[in-house]
Amino acid sequence: MTLSSSLLRRSSPIHRLISAASVAGSSRPFTTSEGSRPSIVHKRSIDILHDPWFNKGTAFSMTERDRLDLRGLLPPTVMSPQQQIDRFMVDLKKLEHHARDGPSDTNALAKWRILNRCHDRNETLYYKVLIDNIEEYAPIVYTPTVGLVCQNYSGLFRRPRGMYFSAEDRGEMMSMVYNWPAEQVDMIVVTDGSRILGLGDLGVQGIGIAIGKLDLYVAAAGINPQRVLPVMIDVGTNNEKLLKDPLYLGLQEHRLDGEAYLSVIDEFMEAVFTRWPHVIVQFEDFQSKWAFKLLERYRNTYRMFNDDVQGTAGVAIAGLLGAVRAQGRPMIDFPKQKIVVAGAGSAGLGVVNAARKTMARMLGNNESAFESARSQFWLVDAKGLITEERPNIDPNALPFARKLRDVEHQGLREGASLVEVVNKVKPDVLLGLSAVGGLFSKEVLEALKGSSSTRPAVFAMSNPTKNAECTPEEAFSILGEHVIFASGSPCSDVNLGDDKIGHCNQGNNMYLFPGIGLGTLLSGARVVSDGMLQAAAECLAAYMKEEEVLKGIIYPSISSIRDITKEVAAAVIQEAVAEDLAEGYRDMDARELQRLDKEETLEYVKNNMWNPVYPTLVYKKD
Ligand SMILES: NC(=O)c1ccc[n+]([C@@H]2O[C@H](COP(=O)([O-])OP(=O)(O)OC[C@H]3O[C@@H](n4cnc5c(N)ncnc54)[C@H](O)[C@@H]3O)[C@@H](O)[C@H]2O)c1
Ligand SMILES: O=C(O)C[C@H](O)C(=O)O
Ligand SMILES: [Mg+2]
């Protein structure tokens, strides 16, 4: 049965609704199938998508999308009405399927759906609920559930949120960016869906991660929800399953590459900065291959940063400094730490680069300090230990490739396994950004027992939960109560018996990116400098009190994320002012910013954070 015939069965409730509407003299969309009469609409663009009478969702044809200013407001694939029904039914059935797999996922997705419907109906209410219950709902709108949402996005998609720029829109972006209804946009989170959490290439479905990150921008940083824009750049997908899925919402072609890819991203950047010159663009979950290149390409001209490379690095450094303090040592001992990093992608390399710079600063901030700091890191990827012998080595990993002479001295070699490396190096810290769930096996954790540290640290930072390198239970049971543990997605503390608790920290870039974005916005900095990122990381590290750190609590609780974000934003502003990058924001010009002391800067940040309170509404005619 086709959509129109099923919907228009004379006895169906929807038919009665249509008849009633016709009697009332309105022209309604479903009546067109009785003949070919068009419906008169008095609205365009997003207003149509939000009107249940006229909305056709993904079934709007491309000509209709152009005629009604809808280009970019929907995923690129035009679906038939039957495909819409199929997609809806597959999703509905999936709920039953998940119920068989186990209850937790079903509950999480069901909670996400309820929250998402509230998000679509009433944003003030939605954010009030989220802010007041952030500990409970961050794991739903953000990692780990957001990963499941992205994996199922084609089925979960109801109302569009954000903008879609596709390879098909080349040449159109400068005009289609005006289809977005908000006059002002402060924050864009953009992804091309190529590496969503540790789940790989999810194509157009990756928009869920941009939406989740912006939820935290609103909840943690108090960015006005009317001024955030999630963006998906759909340049195709290399996910074979999605390429074959008839219900997939994105472009069903292989990813663009090379110059063709760059030209799409260039056009997007030019378009958004032309319409909103003061916007900040956060790049999220781009595959490493492009993450570094795009960062270098844009970071000196646009207000942008890469969360996976730079946000993660700052959070990791704060945690690594916490791990030093937890040993009862001063932070200045950080350059003595031996750090094994599993994963040499955008996140792993971002961390080692920034950690090396931090060590070098502590050692005197000169050439030789920088050179000697690199010997504190052992980088292991899918092919094992990275040494200078590695054929076709990634140039971004080259500075950390171990010299053959050194590794031979340690009894290691090119490609040595993680367990061998941990055995021989006896690191203070084992940090995972590999996206490989369970990589820190029993064997690897047993090897870490030989660590030269009194309190070895395990950072299983890959997301979502099932991709974490190990669980806190595994770490505490093998390494004992003194281990410092952090994971990228939230998990519960471990009861160690005898009234002892093994603390599970959440080492996630969510502690920094909202403050980096807010501080950049309120300073009006032209670019996001290394110094601003460093200030953010140091602020997070200093946030933790000595007694907490000694208990193994190296990151704050998410319930205080609004306060942390305020502090981080203030630190970023002060650094932007110190570096003469701040151009001011609204009434606060650069000169006035310079006069603010720390307390006044904090007050300024607080006063500019949006709160979920209903404003008074006043009606005016057009
Ligand atoms: N906690 C956080 O805040 C945070 C931030 C960013 C990224 N991440 C997570 O980090 C993970 C990696 O992200 P990315 O962008 O660097 O991904 P990526 O795909 O670019 O890099 C993954 C790296 O892991 C390596 N790897 C694969 N198998 C391995 C193995 N068996 N042993 C050792 N290394 C192996 C790969 O060779 C590659 O170098 C993802 O799961 C992501 O969710 C977490
Ligand atoms: O999204 C997260 O939870 C952290 C990080 O940006 C990631 O890619 O895993
Ligand atoms: Mg990310």
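With an 8 Å Cα cut-off and a minimum separation of 6 or more residues, compute the relative contact order for the chain in percent.
Details: 1123 pairs, mean separation 72.0, N = 622.
After rounding, I find 12 percent.
Given that compact globular proteins tend to follow 2.2 N^0.38 Å, what is the ratio of the alpha-carbon Rg of the range 205-314 to that value?
1.13
How much accessible area per residue does the chain have, in Å², with a 1.4 Å probe?
On a per-residue basis, 43 Å².
How large is the helix-only mean residue ellipticity at 222 nm for the chain, computed as the sum of -39500 (n - 2.57) over DSSP H runs with n ≥ 4, divided by its residue count, in deg cm²/dmol to the nearest 500?
Helix contribution divided over all residues of the chain: -13500 deg cm²/dmol.
So what is the orientation-averaged projected area of the chain, using the convex hull of its C-alpha atoms, in nm²? All intermediate terms of the calculation are to be shown ahead of the outcome.
Working: hull surface 123.0 nm².
Its Cα hull, projected and averaged over all orientations, spans 30.7 nm².
Show which lysines lie in cross-link reach of Lys466 when reach means a straight Cα distance below 19 angstrom and same-chain residues fewer than eight apart are skipped.
Those lysines meeting the cut-off are Lys442.
How large is log10 I(q)/I(0) at q = 0.13 Å⁻¹ when the Debye formula is applied to the Cα atoms of the range 297-433, each weighted equally and without solvent?
The calculated log intensity ratios at q = 0.13 Å⁻¹ are -0.55.
In whole Å and largest first, what semi-axes does the C-alpha gyration tensor of the range 444-553 yield when each eigenvalue is scaled by 5 and square-rooted?
The three semi-axes for the range 444-553 are 31, 15, 13 Å.
If amide H atoms are built 1.01 Å from N in the plane of the peptide, which residues on other chains or at least 5 residues away come under 5 Å of the amide H of Gln287?
When sequence neighbours closer than 5 places are left aside, the close amide H contacts are Ser194, Arg195.
Please compute the length gained on full extension between Lys466 and Ser560, using 0.36 nm multiplied by the number of residues separating them and subtracting their Cα-Cα distance. Numbers along the way, then the final one.
On the way: separation 94, 0.36 × 94 = 33.84 nm, distance 2.58 nm.
My answer for the length gained is 31.3 nm.
Could you report the accessible area of Met79 in Å², rounded to 10, computed with a 1.4 Å probe on the protein chains as they sit in the structure?
10
Ignoring ligands, DNA and RNA, what percent of the accessible area of the range 42-95 is carbon or sulfur (1.4 Å)?
Carbon and sulfur atoms account for 61 percent of the accessible area of the range 42-95.
Considering every pair of different Cα atoms, what Kirkwood radius, in Å, is found for the range 485-613?
15.7
Taking every DSSP beta bridge with both residues inside the chain, roughly what % is antiparallel (nearest 5)? Don't skip to the end; give the middle numbers.
On the way: 7 of 43 bridges.
Antiparallel: roughly 15 percent of the beta bridges in the chain.
Pairs Lys43/Lys566; Lys289/Lys606; Lys551/Lys598: which exceed 31 Å Cα-Cα?
On the way: Lys43/Lys566 40 Å; Lys289/Lys606 38 Å; Lys551/Lys598 29 Å.
Long pairs (Cα-Cα over 31 Å): Lys43/Lys566; Lys289/Lys606.
So what J values fall out for the range 53-68 if you push phi through Karplus, 6.51 cos²θ - 1.76 cosθ + 1.60 with θ = phi - 60°, rounded to Hz, Gly and Pro as x?
6, 9, 5, 10, x, 5, 8, 4, 6, 5, 5, 5, 4, 5, 5, 9
Here is the link list: Lys338/Lys424; Lys56/Lys241; Lys338/Lys449; Lys213/Lys338. Which ones come out longer than 21 Å on Cα distance?
Lys56/Lys241; Lys213/Lys338
Local charge sum around Gly438 (other residues, Cβ-Cβ under 12 Å, Lys/Arg +1, Asp/Glu -1)?
Residues close to Gly438 contribute a combined charge of -1.
What part of the accessible area of the range 556-600, given as a whole %, is carbon or sulfur when the probe is 1.4 angstrom?
Numbers: 970 of 2390 Å².
For the range 556-600, the apolar C and S fraction of the accessible surface comes to 41 percent.
Using a 1.4 Å probe on the protein heavy atoms, what percent of the accessible area of the range 299-338 belongs to carbon and sulfur?
55
Enumerate the whole-percent occupancy of each 5 Å bin, from 0 to the last occupied one, for all C-alpha pair distances of the range 280-362.
3, 15, 23, 21, 15, 11, 8, 3, 0
Where does the Debye-calculated log10 I(q)/I(0) of the range 514-574 sit at q = 0.13, 0.16, 0.26 Å⁻¹, using only Cα point scatterers of equal weight, no solvent?
One equal scatterer on each Cα of the range 514-574 leads to -0.34, -0.50, -1.00.
Based on the mean of other beta carbon atoms within 10 Å per residue, what is the order of 297-309, 464-476, 405-417, 205-217, most packed first?
205-217, 464-476, 297-309, 405-417
Please give the net charge around Gly343, taking every other residue with its beta carbon less than 13 angstrom from that of Gly343, where Lys and Arg add +1 and Asp and Glu add -1.
With Lys, Arg at +1 and Asp, Glu at -1, the net is -2.
log10 I(q)/I(0), Debye, Cα-only the range 381-457, no solvent, q = 0.27 Å⁻¹?
With no solvent term, the Cα-only Debye profile gives -1.34.
What's the long-distance tail for the range 139-264, i.e. % of Cα pairs beyond 21 Å? Walk me through the numbers on the way to the answer.
Working: 3106 of 7875 pairs.
Within the range 139-264, distances greater than 21 Å cover 39 percent of Cα pairs.
Compute the Rg/Rh shape ratio of the range 351-492: radius of gyration over Kirkwood radius, all on alpha-carbon atoms.
Details: Rg = 15.3 Å, Rh = 15.8 Å.
Ratio of gyration radius to Kirkwood radius for the range 351-492: 0.97.
May I ask for the net charge around Leu214, where only other residues with Cβ less than 14 Å from the Cβ of Leu214 are counted and Lys, Arg are +1 while Asp, Glu are -1? Don't skip to the end; give the middle numbers.
Values: positive: Arg161, Lys213, Arg227; negative: Glu123, Asp186, Asp215, Glu284, Asp285, Asp307.
Computed value for this residue: -3.
Place a label point 7 angstrom from the Cα of Arg170 along the Cα-to-Cβ direction, then list the residues of the range 234-261 whose backbone nitrogen is under 16 Å away.
Counting backbone N atoms under 16 Å from the label point, the list is 234-237, 251-261.
So if I take the alpha carbon set of the range 559-622, get Rg, then get Rh from the Kirkwood formula, what is the Rg over Rh ratio?
1.13
The values are calculated or read from the model by the stated rules, or taken from the named source; none is laboratory data. Note that the structure is a prediction, hence the values are computed from the model and not measured. Note: ideal-geometry Cβ built from the backbone for every residue, glycine included; neighbour counts use all protein chains shown. Please note that ligands, DNA and RNA were not included when accessible areas were found on the heavy atoms of the full protein model with its side chains. Shrake-Rupley method; radii C 1.70, N 1.55, O 1.52, S 1.80 Å.
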